[in-house]
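Notes follow once the structure below has been shown.
The values are calculated or read from the model by the stated rules, or taken from the named source; none is laboratory data. Given the structure is predicted, the values throughout are model-derived calculations rather than measurements. Cβ placement follows ideal geometry from the backbone for every residue including glycine, while neighbour counts extend to all protein chains displayed. What goes into the accessible areas is simple: the full protein's heavy atoms, side chains included, and nothing from ligands, DNA or RNA. Shrake-Rupley method; radii C 1.70, N 1.55, O 1.52, S 1.80 Å.
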Amino acid sequence: MSEPDRPRIVQGGMGAGVSGWRLARAVSRTGQLGVVSGVALDALLARGLQDGDEGGHLRRALAHLPLPGVGERILERYFVPGGIEPGERYRPVPKLGLRPNKTRDELTIAGNFAEVWLAKQGHDGLVGINYLEKIQLATPSAAYGAMLAGVDYVLMGAGIPSEIPALLNALADGSPGRLTVTVAGAEEGRPFAFDPASLAEPAIKAKRPRFLAIVSSSVLAMYLNQSPVTRPDGFVLETAVAGGHSAPPRGKLHLDDDGEPVYGKRDRIDPAKVAALGLPFWVAGGFARPGTLAEARSAGAAGIQAGSVFALCRESGLDPGLRQQLVKRALDGTLRVRNDPRASPTGFPFKVAALPDTLSEPDVYVKRPRLCDLSYLRTPYLKANGTVGYRCPAEPIDAYVRKGGDIEDTTGRRCLCNALVSNIGYGQHRPDGYVEPPMLTLGQDLGFLPDLVRTRGGDYSAADAVDYLLGT
Ligand SMILES: Cc1cc2nc3c(=O)[nH]c(=O)nc-3n(C[C@H](O)[C@H](O)[C@H](O)COP(=O)(O)O)c2cc1C
């Protein structure tokens, strides 16, 4: 990778929609790497269109999708001129599953295409897209949609992304992109593929983006580096204070007095070992301070990845009211960000920022009737009859247990799917009037905020954040 193509700052991919196209575009314009979140972009496209697509951005993007008829079918199904009535329910989108579903593939491709296409408008900088390894069933078609829009980097965390380099090679060539999907209770995973030729003949080829694996140990980096088949083009080394999910501590799980996982010496990442692999890497999680970039570079890193500092900036996709509350509480010292080992259905610890009226609060949590309708985080499991079913520990408890899930797994689980889309203003309204509450995540190191707000104001921009990190 040549130096000019290697940004010093990677803006963290923040789901769902926190790092949307507006934020990524603002960062890319500064010459750094803007990254959109690739999570749930099918639902975000569908809900954006149902909200009336103010400004016409989504429709403009769809008009450029190089797959005949797809944009028209999506508009027909989801676009509501002027938007749905306040309190009206959003239409469902097809759920992920092993069975092929063309409508679902089209919506996923279009959602990913639109987000990247919009992030790329008005500059010639680099744009990346960030996926979660755990959402395996979305990845092949999602990545293809992003690639049709010319995405420059794909980043993936929260798992072991060993099949992604080969997947990107295949999709770039217009060939079927294949993954082995983990099935709980089965000895082997199930093959899963998306074939670009199912949407256009001949299949459209695309530029092969660079792939950065987000890892939290040098051991995993070394493992992925071993073979050309699994080797990424670089790494993001993420510490446990980073926003969103983190890897659990190595070894037996110990919790501190606040119920947070205790990380020890074995969890410390050794940048020297990663540097020795010869691939570029960026360090993430608590690096959003002037001076840390230079330190990271002198330790061999290409730069830093920062998330929280961008999640709280003006172009962030977070609902502005929620963002302002986070900033205000962080500044007056009352914001608590807990590394909750139970909140996420994935079983990975997840940072939860405590705010009233959100699912961080026990009273809001117990009042939420469990329901699984977005289902991105549900996982395939082997049924007694040999077929595959899907379950999520945040779904209704009786359903989860009926599907062979352990009742213990359900304790404290939050429906991240609904909460995260609610964070960006797309909360679902249920027929009985219940509105899905938000639940915020942030990194645990917000020490950048007082300085940044003092010099740039509480409504600072992504470009202000980049200047701050560059120390300019
Ligand atoms: C609001 C928020 C949402 C995030 N969502 C994701 C995500 O969906 N996938 C992911 O790989 N990382 C996610 N992250 C982690 C960031 O990409 C980045 O690595 C991290 O924020 C860096 O640490 P910092 O917040 O201390 O700068 C998220 C971070 C934040 C603050």
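General observations
- The residues packed around A26, meaning those with a beta-carbon under 9 Å from its beta-carbon, carry a net charge of +3 if Lys and Arg are +1 and Asp and Glu are -1.
- The label point for D451 and the one for I397, both projected 7 Å from the Cα toward the Cβ, are 4.7 nm apart.
- With every protein chain in place and a 1.4 angstrom probe, the accessible-area ranking of I269, I397, I109, largest first, reads I397, I269, I109.
- Remark: segment 183-198, residue by residue, has Karplus-estimated 3J(HN,Hα) of 10, 4, x, 9, 5, 10, x, 9, x, 9, 9, 10, 10, x, 5, 6 Hz, where x stands for each Gly or Pro and the curve is 6.51 cos²θ - 1.76 cosθ + 1.60 at θ = phi - 60°.
- Global form of the chain, assessed from the alpha-carbon gyration tensor, a/c cut-off 1.5: rounded
- Mean projection area, nm², convex hull over Cα of segment 289-366: 7.3 nm²
- Anchor K383: lysines whose Cα lies under 16 Å away (excluding residues fewer than 8 positions away in-chain): K403
- Measuring spread by the Cα atoms of segment 1-136 yields a radius of gyration and Dmax of 15.5, 51 Å.
- Sequence-distant aspartates and glutamates (8 or more away, or on other chains) whose Cα lies within less than 16 Å of K205: D152, D173, D195
- The convex hull defined by the C-alpha atoms of segment 32-90 has an orientation-averaged projected area of 5.2 nm².
- Percent of C-alpha pairs per 10 Å bin in segment 340-472, short distances first: 11, 34, 27, 18, 9, 3, 0.
- FRET efficiency, 1/(1 + (r/R0)^6) with R0 56 Å, evaluated for T411 and R231 via beta carbons: 0.90
- Percent accessible area from carbon and sulfur atoms, the chain, protein chains only, probe 1.4 Å: 51 percent
- Most tightly packed first, judged by the mean number of other beta-carbon atoms within 10 Å of their residues, the peptides 137-145, 225-233, 28-36 read 137-145, 28-36, 225-233.
- Estimated FRET transfer efficiency (E361, H64; beta-carbon r; R0 51 Å; 0.05): 0.75
- Amide H contacts of V283 (H built 1.01 Å from N, in plane; Pro and chain starts excluded): L237, G303, I304, Q305 sit under 5 Å, all sequence-distant by 5 or more or on other chains.
- Under 5 Å, built H, 5+ apart or other chain: amide partners of L155: I129, N130, Y131, L212
- In sequence order, calculated HN-Hα J values of segment 438-444 (Karplus, 6.51, -1.76, 1.60; Hz; x Gly/Pro): x, 8, 8, 10, 7, x, 8
- Under the convention that each Lys and Arg Cβ holds +1 and each Asp and Glu Cβ holds -1, the size of the dipole of the chain around its Cα centre is about 420 debye.
- A 1.4 Å probe run over the protein chains yields, for the chain, 41 Å² of accessible area per residue, whole-number rounding.
- Kirkwood-Stokes translational diffusion coefficient of segment 246-344, alpha-carbon pairs, 37 °C, 0.692 mPa s, µm²/s: 202 µm²/s
- Applied to segment 80-94, the Karplus parametrisation 6.51 cos²θ - 1.76 cosθ + 1.60 on θ = phi - 60° returns per-residue 3J(HN,Hα) values of 10, x, x, x, 5, 5, x, x, 6, 6, 6, 5, x, 10, x Hz, with x for Gly and Pro.
- Gyration tensor verdict on segment 108-220 (Cα atoms; rounded if a/c is under 1.5, prolate if a/b is larger than b/c, oblate otherwise): oblate
- Our Cα-only numbers for segment 149-211 put the radius of gyration and Dmax at 13.2, 39 Å.
- A Förster radius of 30 Å, combined with the Cβ-Cβ distance separating L255 from K328, puts the computed FRET efficiency at roughly 0.50.
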